[in-house]
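J.: Pasting in a structure now, in structure tokens, and then I'll have a few things to ask.
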């Protein structure tokens, strides 16, 4: 009679050989208790348990699809990291009281996307250097984003609205110029300036420059006249210009 690790090994061997949906789903079902265990560690109210488990299951699916014995760690250890990471991202997004800066959200999303792309193409966890190259920043920049992520996640889980450590902006710089892209340091400066605008001004900048709506469309959406939107837009741009000098 085989033990559980032998059975799991056989199940993974079948999945690697066939890459079938059924084999993958069988593995996901086998390790579902791991998701429930990890979600329990994160849950703060009984009402959020189901949501955390659903997020955790997505992390489990990613773990099964990406796991490679060459990682040199047992599957459960690898899956724990991925599942806990997915739940942490979810909780972070639910914590607006932390007032996570716009520039950090952008860089963290870019790192998450780069991580997913590299994991899929390399069939292993990317290194810091590989992530840095994909994001066009120095390795110290990736380490700084990871440090900030840990700080924000810790603040979220402890209900602390303040992150003690300030960002090291000198580490967050583009390595090389890319056409039609703002350097990281300029994007951070712009996002910080936008965050200092009034809420209605931030909404206006978002709709006009990021959503590409016309002034008439914005006026209709926000319930103002087009003339008022035009004045407000000019005022917002003037503030940004002064702040960025």
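The values are calculated or read from the model by the stated rules, or taken from the named source; none is laboratory data. Values in this document were obtained by computation on a predicted structure and should not be read as measured data. Every residue, glycine among them, receives a Cβ derived from its backbone with ideal geometry; neighbour counts consider all protein chains shown.
J.: Assess whether residue 164 counts as being at pLDDT below 80, in a loop (DSSP other than H, G, I, E, B) and either outside the structural domain of residue 41 (by TED's automatic domain parsing) or closer than 29 Å to residue 90 by Cβ (or both). Give the derivation first.
T.: Numbers: at pLDDT below 80: yes; in a loop (DSSP other than H, G, I, E, B): yes; either outside the structural domain of residue 41 (by TED's automatic domain parsing) or closer than 29 Å to residue 90 by Cβ (or both): yes.
Yes; evaluated as a whole, the condition is true for this residue.
J.: Would it be correct to say that residue 120 is part of a helix (DSSP H, G or I), at pLDDT 80 or above and over 15 Å from the mean Cα position of the chain (by Cα)? Working first, answer last.
T.: Values: part of a helix (DSSP H, G or I): yes; at pLDDT 80 or above: yes; over 15 Å from the mean Cα position of the chain (by Cα): yes.
Considered against the rule, which asks whether it is part of a helix (DSSP H, G or I), at pLDDT 80 or above and over 15 Å from the mean Cα position of the chain (by Cα), residue 120 comes out as yes.
J.: Given (1) at pLDDT below 90; (2) surrounded by 15 or more Cβ atoms within 10 Å (Cβ to Cβ), where does residue 63 come up short, assuming only one miss?
T.: Of everything listed in (1) at pLDDT below 90; (2) surrounded by 15 or more Cβ atoms within 10 Å (Cβ to Cβ), residue 63 misses just condition (1).
J.: Condition test on residue 186, is it part of a helix (DSSP H, G or I), modelled with pLDDT under 75 and within 29 Å of residue 111 (Cβ to Cβ)?
T.: Numbers: part of a helix (DSSP H, G or I): yes; modelled with pLDDT under 75: no; within 29 Å of residue 111 (Cβ to Cβ): yes.
No; evaluated as a whole, the condition is false for this residue.
J.: Okay, next question. Please verify whether residue 83 is in contact with a helix residue (DSSP H, G or I) (Cβ under 9 Å, 6 or more places away or on another chain), modelled with pLDDT of 90 or more, crowded, with 18+ Cβ neighbours inside 10 Å and not assigned by TED's automatic domain parsing to the domain that holds residue 119, treating the condition exactly as stated. Walk me through it before giving the result.
T.: Values: in contact with a helix residue (DSSP H, G or I) (Cβ under 9 Å, 6 or more places away or on another chain): yes; modelled with pLDDT of 90 or more: yes; crowded, with 18+ Cβ neighbours inside 10 Å: yes; not assigned by TED's automatic domain parsing to the domain that holds residue 119: yes.
When the stated conditions are applied, residue 83 passes them.
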